[in-house]
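The numbers here are math on the coordinates, done by the rules we state, and not lab data. Keep in mind it's a predicted model, so treat the numbers as computed, not measured. Glycine also receives a Cβ, built like all others from the backbone with ideal geometry; neighbour counts cover every protein chain displayed.
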């Protein structure tokens, strides 16, 4: 039932959000409300969740529930940050469309349905691409997006052809598997923005709406990667030279992405580009999991995908929050940001910890396991290299924040609760008529503070302007829905540290300090990522079990290895469906895998390996 | 006896040819709808009525999305680079290849579906390589349709859930295309994109950055700069003429009747009142003679 609610909520929210995007209309709230409802519904998706409508059969699992909840929660975090830093109307509906497709893909027991739904979810990326005719044809974001979508769709459908295994009229169907493997790998690489295909990803800040990298580089690639690694261990576990060559290509792409992506994140100066390169560098681990073609890689890859979604969404949100707070995204002009926004600094440190982990931690072990399984021994040092580059990237940002602040940073409003102009004016409006009583209400106020309070009690033009400004930037939910201010909050010249009391002052400072609000939202989201990185919130348990597609993949007969001698009179074994069915499933006449009556997720955990638990 | 799968397969190929070969977006939508409606009928046994109805509804929705995006601003694609007839010939050749090759034996579906699938895959290659977003999107939809036909030929008829998933995928593809070619982005996003672009331009000192988000607009071939507001020109009969011509010279020139009246009086035709230098220059300067190489 919860899965059906999730699908209905996603569909309704997406339709309403896309249909009516005028300010103040219901469609504008449909996206965030739908995400919140989807998050709640996803939390109830478990191994007992079933949706059967006619011939339609969807079965949930612990991991699919955690993955969808993680994605919906991350999207909600991004939307909350977006409300304050430039609300793109397209982000929430696009996320809902993508999550609806991923929900079907991660719960479908039919391989073709899962792959088609995964491909359909990838089409949601078009919603967040800015429709403008570009100057240069090479930088046409629309063309890059539609080509990426077409490639993902073609690769997934061809993979469906391969895994459904028609009766090929050839001695061996290995070439089909090689093509499917290569297509899936390239599709994941292009969708993730892996290094040879990284240019559109790096230009997303110019060709897509704000915070679009969260959708295009994190949520959709994570879902696509989850579907992809479900097949890598069993379906593509064929010993073939051609398949090894294709695996080598995918490994090379993954290694280049790991190293060059982290290096690019280190040398770029725009926060959006740094975030994009950092994301695509970490997406290299998904490619490594796919290239390893090992069952042992499934569990760490699934855990890594959960952390990847939460932590990298946090990084996108952090970049948007920092850009919004200081009015610039250039690292050179963000010197001293940490002094003004220490909570954002804490969030960045937490993002680094969640992404990289710590020795013995779940995500650290997952990353190292993926490297160990996917790369030969002489390339194991790349784990240290990638980690060092990532540490250097985060360290650079933190070090820049500790430098003396630039003018942009110094004039921006900090996170420190202070008696803002809006709060002053609001207090003034409330106090007109009883100035004396209000002045007396100031506890332990010095003479100077009393006099300033009395002076502020006069309804001056400045105070009127402040009231107007307060109306525009009023916090809380209603204020968040208002069109955001594109310029950063500036500290008023005359900021008085007076008020009716510390608690009231703190409450009003919270209401009128948008920077503090956004920073706290980012911190909360990132703390969830840290919890996931430690294996908490059920992440480690859920990662041991796969999605129903894993069960279908494991019920698929593993192809027998091809014999090496070619000149033999005995026919080569093919991957045609065998006559005997497996106990948990049955192979139909067309080669499609029919789910068993009670499809239970397959525990693919390697004995003795529990990811830090 | 002519079988339904063969007719449906031919109709699918015909619709796909129109979709990837037409220049008008409405014709593209019509071709896509035709192909998407005919494709499920190419399988044998043919799907249930409910599944066919779902596919038809999905095809109509996809076509509506494309037409609706074209309603806001007329769109046209570049058309096939090799010409419509050549593209039709290529589709026919691919259909013949698909008819005679046998990668799967025995086939689980009709041979016509395999031939149509290969034909559609061949048709989609050109648009996906090209640089037109509308053609690339229609090519992607045609490719997905072709692979689905191959699946039905090689693996067997699709189940109802597979039909639903395939319909959702096709609608998503066409919807994505219509979104990408449509200028109808939300006003708030346009405003913020413009603000962001202005901010970046200010920061970088790049005066040529546009205010409509993303990057500057390059005038395409045949584009005419927006004409200035046409000034009313008094006519001899006391009325006022406002030229609606898009050509700047027509807009800036005096109206026709005074010229004709002057000619009738035997005078020389009136010259335009604006100097020649004031006439807008052509959008694309074309160098007829190459510059001499430097020594």
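For this structure, a couple of remarks:
- Overall form of segment B:4-181 per C-alpha gyration tensor (a/c, 1.5; a/b vs b/c): oblate
- Residues residue A:48 and residue B:131, FRET efficiency given R0 of 45 Å [Cβ-Cβ distance, rounded to 0.05]: 0.35
- Neighbouring partner chain Cβ atoms per residue of B:100-110, average, 10 Å criterion: 3
- Gyration tensor verdict on segment A:338-414 (Cα atoms; rounded if a/c is under 1.5, prolate if a/b is larger than b/c, oblate otherwise): prolate
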